[in-house]
Structure formats: C-alpha cells, structure tokens
1. So who's got an amide H within less than 5 Å of the one on residue 355, skipping anything under 5 residues away but keeping other chains? H placed 1.01 Å off N, in plane.
2. Looking at this model, which pairs from 142/198; 61/84; 142/218; 189/486; 281/374 are more than 19 angstrom apart at the alpha-carbon?
3. Lysines near residue 381 by alpha-carbon distance under 27 Å, same-chain residues fewer than 8 away left out - which ones?
4. Could you give the angle, 0 to 90 degrees to the nearest 10, between helix 75-85's Cα long axis and the longest principal axis of the Cα atoms of the chain?
5. Between the DSSP loop rule and a limit of at most 14 other Cβ atoms within 10 Å, which trypsin sites (Lys or Arg not before Pro) in region 149-223 are left?
6. Over every pair of different alpha-carbon atoms in region 143-191, take the mean of 1/r and invert it; report that Kirkwood radius in Å.
7. Compute and list, largest first, the equivalent-ellipsoid semi-axes of region 52-179 from the alpha carbon gyration tensor, each √(5λ) rounded to a whole angstrom.
8. Just want to confirm a number: the relative contact order over the chain, from Cα pairs under 8 angstrom separated by 6+ residues, in percent.
Amino acid sequence: MHRYGNDIEELDINPLIVNAESAVAVDARVILSAKAESEATAQTNDAVPPVERFRPLFEPKTIAVIGASTTSSIIANTFIRRMKAYSYDGDIYPIHPKADEIEGLKAYPDLGQTPKPIDYAYVATRADRIPDMIGAAKGNVKFAQVISSGFREVDEGVALEADLLRQAKAAGCRIIGPNCLGLYSPRGKVTFPVDAPKELGTVGVVTQSGGLGTDIIKRGQWRGLRFSGFLTVGNCADIGPADMLEFYLADPETTVIGFYLEDIGDGRRFFELLRLSETQKPVVILKGGRSELGRMAAASHTGALADNMAAWQALVAQTPCTIVDTVDAFVNALLTLQQLTPRPSRPTERVVLFGNGGGTSVLATDFFAERGLKIAPFPEKTRETLEALGLPPGTSVVNPIDTPVGTLQREEGRVANEILEIVYETAAPDAVVMHLNLAAFVGRGDVDPIDNLFQAAVSIGEKYPGQAHFVLALRSDGSAEIDDKKRDYRQRALDAGIPVFDELPDAAEALAALGHIERRLRG
C-alpha cells in the first residue's frame, strides 16, 4: 500500500510482536497531518460527483461490441445475445471493419463512426489491435472494458498496456481491465454471467478475477444476494478499486460493498476514502495473495504486486471493513450485511444457539468461541423461566438450547415462540441462531412445524425491534427431497429479512464479521 512518509503526524503501534525474523504490528493507529489529509481527500474531488461520473458505465444507453464475428460464435457474440436475453433496451453497435451486420444488428467499421456516442464498449479481440481501436474513438467512448488478456500480466504485454492507456487518455476514454470478464448491472440491464438476477439489490462488488466474479454472483444468487452493481477490473490499468469504492460509497442504491483484491494501486486513497467516509457503509474484502506463494500466483494472474498483509490488517483495525479468506465466507458476510442492519451501539458478541442436535450444538459452541463469539450460560431467571415451560425430557435449556425434534414439534412448532420470547426478554443476547436439521422433520406427522418456527422468528423480530439479530442455519442431508424443501424455506426466510446459512460455522464466521464492523462503526 502507499507509503505515508513525512505525512504521518502520530503513529501508535500496540501490540508490536518481534521475533528473530520479523516485527509485526498487530494493531496500529495512524494520524495524518492536516495537510496530508486534505491532499488525500482532494484526490477524490472531481468536478462531476462519482455517481454521475460512473452513470454511463452502470446505466449505459449505448453499447459498442468489439470482437464479434459474422461466421462463428465467440465471446463477443455471446455477450450480444446475452444482452438481448437480459432485456437491455439501449442501442448495441457491433464494431467490425468489413461486416454490414452481426447478430441481426447493423455493424460499424470503428468506434468513431457510430450514430451516437458510446457509453460502454465491450472489447474482446486480439490484444495488439486494441490500443489503436481505442485511439480511433476520438472522444466518442466514455468507458471501454477490455476483456482480452495479453497485457501487463505477461512480460511482453507491459508496453502494450502502457500504449493502451496513452491512446485511451488521448481519446478521452476510461479503461476497465484489461484481462477481465465484464460488468453486471441490474439497473442498466447489463450482464456478463448467464441468467443473472434482474432485481436491483443493495450489494456493490468489485473483483480482480472474472472467473471468481462469476462464482460469487452464482453462489450469491442461490443464497439470496442481490447486487446494485458488479464490476470485474482485472489488471486495473486505469479504473481501480479506489475509484469503485468512491462510487459505491456515494451510490444511494448500495448499502454494502465487497472486494476481491490481489493488490491495490492507490492504497492511500482507498484507506482515506474508508476512513473519512460519512456514509460509513460496511466493506467486506476477500484478499488474494496473502502468502508468498499466493503473491506469486497473483503476479501471474493480473500482474499484481500483492501487498503485505500487515498493511491490510491495519486497514481493518481502523475502518468499517473486514477481511475474509474464502468465497463462501465472502458471500455469507455480504448476505448478513444485506439482511441485517449493523448495530454499532451493541456489537454482536453474545450469542444464543437454539435448535435440534446435541452434538451439533457442542461443535457449534467451539466454532463460535474460536471466532470471538460467546455462547455464555443463561442468567438464572432465564433458565428458571424456560424450565417452567415443562418441556419434554431430552430438552436442555442452558445455552445452547438443545431441543429434540419432538420438542420443536410440540404445539405444531409454536413452542419456539415461547422459548424465543423468554430468551429475548430475560437474556438480552446480541444474536440468536436457530439451527434446524431438516431431515429430522420429514415423515414425523402431517403437520410441518417449520412454518410456525419461521413465524416465531418473524414475530419476535417485530416485537423486539433493534434487539438481537436473528439468523437461521438450515442443514440438509443432501437428498433431493430435503434440498427442495430447503430452497423454499430459504426464500421465505430471506423474504422475512432473515439470513440463512447452510451450516453453523458459516453463521459463526458471518456474525463475527458483523460484530467486527459494528465495533469499527462505533469508533
């Protein structure tokens, strides 16, 4: 990340761990001079506000496509067909030096000869041709996303990327990429993955990996994530993470921000945008290149010079962001922040577990404790009030609350409402996690108690607003019958504002991320 040099007014490192090989600052507080802070803020100032500046990208009225063929189906042709299927209602201009028509659309010889200026150009052709093609735009293209590889990520492409930037700057065109996959923007009806959701969501994501981006969208789609925008940026030759952070922080459609990053070109600006932001939107970072071998892989992937993880940990310690290690953890953290409103006045730490499965509860207690969350015993009043319910044998009313299926089926599942009311009234936890082994409910009577369990969760949330966060872990045995039920239950829970996880460790990791962000928002 950026070196601050003489701009630092005060530096507090605590603790500093020193061994024979290195010194690591586990936590650090950096205070910049007034001059440096002003300069860092000024870097983001532009005559055009960020939302308006990037509107042609996320809501393009005109799209040019370079690389489509008249005779074969290649990636640019697929993009055109995908845009039609996604109901894009703007103008699409295929660019081809000889063709009259491609995919049923009139073609044009170069970017400078389209009937209207281009908001967004999708460029997927031979790398060595691209700089001159962009140069020919002569002010006619606002944003060009270069899908092609063969630039800085390989030694022989370094000069080519420099030429691309030079010609793009002369033509007044901003470059996304190169070496990426595309843009997904429900508000603009633009997509690069097939069958992406059309609903406009609140999660804005930027990723340096196109393939990983597709994975995030698809996994997120199934789990209930909905996006305000999703941009793959590849090599970040021009537009980079800090530019997109500035946009998403200002964007009224975005409430949660996610990044997959291998490196970051303008670390100081990124840090200052997060630190000084008035909107205080939570940020989740999936960081690639954390190890030495990972950094080597990042260099061959996007030409990245991956940063020292100590710098990233300092970022996490001082701003409302958290770093996760896997795609699943990334999706789960974003889902949690999409569904639940962070509560800085009461950061998530004390958790109640409630569900069927004694061994599952024991393991879950370990998972949560390892992530800094407490499954603490109930106060005496809570325990006595739960015992007074006269629940069937085999029910444990300490924390975790271990309730066999027979208990949960009592009164067709309505007993859950009584248990939750007592917990909310007398134990005042920060979060409640209900976990259900769905297979255990199948074939145990004509009435499905899951409906009443869901209703209990919803009614408790309405009765005690702003109190404990409520999440669900719906466990399946993998059979088609159970998975079908799970999909239905998941959607109904999401519609009620409840995040749903596949396993308890997923819930633990997500709630730990939420708690960290809540503490940082509190300051």
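1. 401, 403, 435
2. 142/198; 142/218; 189/486; 281/374
3. Within reach: 463.
4. Once rounded, the angle reads 60 degrees.
5. 198
6. On the way: mean 1/r = 0.0856 Å⁻¹.
One decimal place: 11.7 Å for the Kirkwood radius.
7. Working: eigenvalues 95, 57, 37 Å².
Value: 22, 17, 14 Å, ordered largest first.
8. 11
Read the figures in this text as sums done on the coordinates, not as results from a lab. What you see is a predicted model; the values in this text were computed from it and never measured. Note that we place each Cβ from the backbone using ideal geometry, even for glycine, and neighbour counts take in every protein chain shown.
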